[in-house]
1. Considering each residue of region 301-324, count those that are within 17 Å of VAL336 (Cβ to Cβ) and either touching an Asp or Glu at 6+ places or on another chain (Cβ under 9 Å) or surrounded by fewer than 24 Cβ atoms within 10 Å (Cβ to Cβ) (or both), and give that number.
2. May I ask you to verify whether ARG103 is surrounded by fewer than 20 Cβ atoms within 10 Å (Cβ to Cβ), not in a loop (DSSP other than H, G, I, E, B) and not hydrophobic (A, V, I, L, M, F, W, C)?
3. Residues being part of a helix (DSSP H, G or I), closer than 24 Å to PRO26 by Cα, in contact with a Ser or Thr (Cβ under 8 Å, 6 or more places away or on another chain) and open to solvent by 10 Å² or more (accessible area, probe 1.4 Å): count how many of those fall in region 207-239.
4. Inside region 380-430, can you point out the residues that are out of contact with any helix residue (DSSP H, G or I) (no Cβ under 8 Å at 6 or more places or on another chain), open to solvent by 40 Å² or more (accessible area, probe 1.4 Å) and either over 26 Å from GLY354 (Cβ atoms) or in contact (Cβ under 8 Å) with a residue 12 or more places away in the chain (or both)?
5. Using beta carbons and a limit of 7 Å, which pairs, at least six apart or on different chains, have the first residue in region 291-320 and without any contact (Cβ under 8 Å) to a residue 40 or more places away in the chain and the second one open to solvent by 10 Å² or more (accessible area, probe 1.4 Å)?
6. How many residues does region 191-227 hold that are without any contact (Cβ under 8 Å) to a residue 24 or more places away in the chain, farther than 21 Å from VAL18 by Cβ and of a type outside the set (Ser, Thr, Tyr)?
7. Can you find a residue in region 155-171 that is modelled with pLDDT of 95 or more, open to solvent by less than 40 Å² (accessible area, probe 1.4 Å) and not charged (D, E, K, R)?
Amino acid sequence: MDQSLYDNYVNILKHELVPALGCTEPIAIAFSAAKAAEVLGEFPDRIEMDCSGNIIKNVKGVTVPNSDGMKGIEAAAILGAVGGDAAKELEVLEEITPEHIKRAKELAVRKICTCNLIDGVENLYITARVIKGERFAEVTIVSHHTNVVRIVKNGEVILGRSVEAESKEAGADKSGLTVRDILDFADRVKMEDIDEVITRQVELNSAIAQEGLDNNYGAQIGKTLMHVWGKSAATRACARAAAGSDARMGGCSLPVVINSGSGNQGMTVSLPVIVYAEEWEVSREKMYRALVVSNLIAIHQKHYIGSLSAYCGAVSAACGAGAGITYMYGGSYEQVCLTIINTLGNVGGIVCDGAKPSCAAKIASSVDAALIAFHLSLQNKSFLPGEGIIKGDIEETIKSMGYIGRVGMRSTDTEILNVMIDRINVNQEC
């Protein structure tokens, strides 16, 4: 493998697999507000949030971590401004105290924060504007949850850069990813180049999965699966990924390592692989190489889909997990491809209607589909080109699914938001 390609793949993993506290959309809200308050240099009288529809959709129904059960954009923004540490980025709310929560709840009652839906912007778009008298500061985030592209203080532009600047600075170009090169990289990568980032993913994501199984969060999907389905590897793979989401959507303060900007996707892409590594008693190195496959396959798909859309990211993440499990089992390149094809041909296109407790159920369904796909691939069975969106080439199939998620489901995304915020009369339309 070419050294520049090798280095790029290492950088992608380091850039994408970072810790986050709570659902990444409310955390991005809290981060932007904390950063704006930091720039202003004093606590504001008012906070104004301008957000894309996808941000509103993904924050509306999820509990903000370390908030004592608070939900929504206003809660996340106020808590970020009150006690957030912008330097911690996606762990901005890590040091929140009971005093911070008490003050945030008082300010929420006073309605110091407002939110506006902004059309015609990137799917991931946030501007936090904090105002104190005639002084103000604003921070704009686009495309990536911590990608600050613009900072303004009292009308003076302090920072202005392109949307693509962050990933370019990190040397993480996802446009060249292919399934074949991902498998080649997984075979060749030196353990010292990935040990820290993969170890962190295994430890943090395993901890929150156990938290979800041990306690009563959300709809308790993970606990229910373990109670009803037994304790097979397949059940544990679905249940542990779901349990992590149960805890995370329920406001658990434990951090997770994300994938493609999402904690739910980070757990979905890793926990099933970890479960099967334990079941098969494979070496630590073999599991780490399989996790390299699962993470990069998911990132490869999301490059075409986009960071936020109407396409449920649990599907692309479960696809990655299925590919990683197939690789870890000793499957060939062709069998890894069949696992991806069989997963997309089954559950590709599950809609995303925001971050909330039911995400855990979608994760369980997606992982289950990926495991069916894995078993089919071992028998060299698959859905065939021309059946639905399946193409004759794995890369074309991935691109086709990405096009459907990014372009084809664009109007679906709008209508989902319309329903969620009661902007249409469904009784009249139906």
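1. Here the count works out to 1.
2. Yes.
3. Final tally of qualifying residues: 1.
4. LEU384, PRO385, GLY386, GLY392, ASP393, GLU396, ILE404, ARG410, THR412
5. ALA298/SER260; ALA298/GLN265
6. Qualifying residue count, region 191-227: 5.
7. No, region 155-171 contains no residue that is modelled with pLDDT of 95 or more, open to solvent by less than 40 Å² (accessible area, probe 1.4 Å) and not charged (D, E, K, R).
Yes or no, residue by residue, for (1) open to solvent by 30 Å² or more (accessible area, probe 1.4 Å); (2) part of a loop (DSSP other than H, G, I, E, B); (3) in contact (Cβ under 8 Å) with a residue 40 or more places away in the chain; (4) in contact with a Pro (Cβ under 8 Å, 6 or more places away or on another chain):
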| position | (1), (2), (3), (4) |
| --- | --- |
| TYR327 | yes, no, yes, no |
| GLY331 | no, yes, yes, no |
| GLU334 | yes, no, yes, no |
| THR339 | no, no, no, no |
| THR343 | no, no, no, no |
| GLY349 | no, yes, yes, no |
| ALA361 | yes, no, yes, no |
| SER366 | no, no, yes, no |
| ALA369 | no, no, yes, no |
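The values are calculated or read from the model by the stated rules, or taken from the named source; none is laboratory data. Note that the structure is a prediction, hence the values are computed from the model and not measured. Ideal geometry is used to build each Cβ from the backbone, glycine not excepted, and the neighbour counts take in all protein chains shown. Surface areas here come from the heavy atoms of the whole protein model, side chains and all, with no ligands, DNA or RNA. Shrake-Rupley method; radii C 1.70, N 1.55, O 1.52, S 1.80 Å.
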